[in-house]
Amino acid sequence: NSLFIKLKKMGTEQICVSGGEPLIYKDIVNLIKLITKNGMKASLNTNGWFLTADKFKELMAAGLLVVNLSIDSPIAKEHNKLRRLDGLFEKAVSQIKECKNIGIPFKLSIRKVLSKHNYQCISKMIELAQNLNADMLSIDMIEADAQNKLFLLNTNEIIDFKRNYVPELINQ
């Protein structure tokens, strides 16, 4: 608790709980409570696997305001492959739809990590975010891939992205 008091005194207004997967942390609800009872806003990054309706209700009661759902491709097979977990896309989407249907107000942000494996499907990501009634779609850059370059776009892919996808995205 003293850490959160110090953070608030330093001017912290919001804390995003991330991981790994933060929903495997057994005291996640208490952590959200500590954040909010100390006057800060709480958000959570999740892959959606453990986001059940019951857990969601507990998190909302604790003061969670924003759920950042990681989806790297609007194509189930591709997302599952990128995240190395069969069935993840289907489970995450169904779980978030169930949470939306509960009617508790919260902000949903879909987070996509842009890579050479998924940059061509951003238009479909926008459609998915709209279908899930997301409040925001953020497109993040991959971190810690400079040496291996397994995900970073190369020069030709960047040119392709700018020429063939960005104009459509702006229109969309």
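The values are calculated or read from the model by the stated rules, or taken from the named source; none is laboratory data. For clarity, every value in this text was computed on a predicted model and none was experimentally measured. A quick note on method: Cβ atoms are made from the backbone with ideal geometry, for glycine too, and the neighbour counts reach across all protein chains shown.
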Task: Residues satisfying the stated conditions in region 80-107, i.e. in contact with a helix residue (DSSP H, G or I) (Cβ under 7 Å, 6 or more places away or on another chain), closer than 17 Å to residue 128 by Cβ and modelled with pLDDT under 95 - done: 98, 99
- [ ] Can you tell me which residue among 24, 28, 35, 5 is over 29 Å from residue 87 (Cα atoms) and modelled with pLDDT of 95 or more?
- [x] 35
Open item on the list: Can you list the strands (runs of 3 or more DSSP E) lying wholly within region 1-82 that have 2 or more residues being surrounded by 13 or more Cβ atoms within 10 Å (Cβ to Cβ) and touching a Cys at 6+ places or on another chain (Cβ under 7 Å)?
Closed with: 41-46
Open item on the list: Testing residue 135 on (1) among the acidic types (Asp, Glu); (2) within 30 Å of residue 39 (Cα to Cα); (3) surrounded by 20 or more Cβ atoms within 10 Å (Cβ to Cβ), one condition comes back false. Which one is that?
Closed with: (3)
Open item on the list: The conditions are (1) surrounded by fewer than 17 Cβ atoms within 10 Å (Cβ to Cβ); (2) more than 26 Å from residue 61 (Cα to Cα), and residue 118 fails exactly one of them. Which is it?
Closed with: (1)
Open item on the list: Let me confirm something: among 125, 60, 136, which residue is more than 25 Å from residue 24 (Cβ to Cβ) and not polar (S, T, N, Q)?
Closed with: 125
